[in-house]
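For reference, the structure discussed in these notes is given below.
The values are calculated or read from the model by the stated rules, or taken from the named source; none is laboratory data. Here the structure is a predicted model, which means the values were calculated and not measured. In this analysis, Cβ positions are derived from the backbone assuming ideal geometry, glycine residues included, and neighbour counts consider all displayed protein chains.
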């Protein structure tokens, strides 16, 4: 899977082609592994590695690392020589990428790699699979060298009405989390700014006052208007997005009986789309540097709009992430994911079960979505009910995610 930024078909045609592709099974995948268990295993290993870093990996960066892993896995499986082991190829590709980007976890990753290979019969098929996976990993690493990962942090914006300011921390915040993400080279977009939206509404506008009041009323930690169902949805979507979404995707792979080739393609497509959506989202976030509801509501006396009333004690139901508001990351990434999954299902009904894990001891709360639009709508509303986004931020994030998802489906894979 090499870099490609040229659309080659309309979204409808692309979806039809992908559905047809998913209905066939490559000889390599069919002859060596019926299902996608090895791909799912290494997806879970990759997610664990990403969330186990010190300091923590910022949430919006997770899909970028997952795109690295799964694009390499995809290439290893798709280009696999005849009579080569799929599990060996998957393991070598994923392990090679992970130890490159997470060298501090090499010991743990090496142990998992050895354990996975121990389940593969020794012989020529294993050797061929390892060689193919290692080559795919090395190609990915070389292809993405100097792509902007972990680039220079952007300076904090000059304070003022409408401008995001980090909440007080100890030690003090000197840069927004992952402010460099909007400068990373995308996989399919021509540039990070290609889909940059028009920006938040003017602070003196009716639209600003309306969306301000909505999140102030429904998103407060002490709201008496938000329903129990809305509160539950807000907390449901407060899970770490990469952990939550990939738990759902692994389940969807099993539910749809995807083989290794199809599962590799699923994770590669979704993470490519989510990553480019988040790169575009970060570009917009740090272009506009728009304030979060918590800052706007506490300082509403500075926005010049008589319809907005400040509340210096206001706090959101869910703590706001440490970067600007507009547009919504979750709307960008989840819409991209939903757009891809909706295309890959072909003529089968849409059914994606997402779960939230909360409490001590942890309890898993599953919800099954029966359409992409249902999923997209709930995620957007949940960010408002959580008190961390305005409706215009959700709507423009959704537009980015949909455009990127369609672009990925139209790309030359």
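Checking the structure you have, find out if any residue of segment 118-129 is out of contact with any helix residue (DSSP H, G or I) (no Cβ under 8 Å at 6 or more places or on another chain), part of a loop (DSSP other than H, G, I, E, B) and touching a residue at least 60 places away in the same chain (Cβ under 8 Å). Within segment 118-129 (the criterion being out of contact with any helix residue (DSSP H, G or I) (no Cβ under 8 Å at 6 or more places or on another chain), part of a loop (DSSP other than H, G, I, E, B) and touching a residue at least 60 places away in the same chain (Cβ under 8 Å)), the answer is no, since none of the residues qualifies. Residues of segment 393-409 that are buried (at least 23 other Cβ atoms within 10 Å of the Cβ) and touching a helix residue (DSSP H, G or I) at 6+ places or on another chain (Cβ under 6 Å): 394, 397, 398, 400, 401, 404, 405, 408, 409.
Would you check if residue 78 is at pLDDT below 95, more than 30 Å from residue 286 (Cβ to Cβ) and within 24 Å of the chain's Cα centre (by Cα)? It is true that residue 78 is at pLDDT below 95, more than 30 Å from residue 286 (Cβ to Cβ) and within 24 Å of the chain's Cα centre (by Cα). Among the residues of segment 318-331, is there at least one that is under 16 Å from the mean Cα position of the chain (by Cα), in contact (Cβ under 8 Å) with a residue 12 or more places away in the chain and either assigned to a strand (DSSP E or B) or surrounded by fewer than 20 Cβ atoms within 10 Å (Cβ to Cβ) (or both)? Taking every residue of segment 318-331 in turn, at least one turns out to be under 16 Å from the mean Cα position of the chain (by Cα), in contact (Cβ under 8 Å) with a residue 12 or more places away in the chain and either assigned to a strand (DSSP E or B) or surrounded by fewer than 20 Cβ atoms within 10 Å (Cβ to Cβ) (or both). Filtered by the rule that a residue be over 20 Å from residue 66 (Cβ atoms) and in contact with a helix residue (DSSP H, G or I) (Cβ under 9 Å, 6 or more places away or on another chain), segment 167-189 gives 167, 176, 179. Only one entry in 155, 166 is loosely packed, with under 15 Cβ neighbours inside 10 Å and modelled with pLDDT under 95, namely 155. So which of 104, 96 is surrounded by 14 or more Cβ atoms within 10 Å (Cβ to Cβ) and at pLDDT 95 or above? It is 96. Every condition in (1) over 29 Å from the mean Cα position of the chain (by Cα); (2) assigned to a helix (DSSP H, G or I) holds for residue 113 except the one numbered (1).
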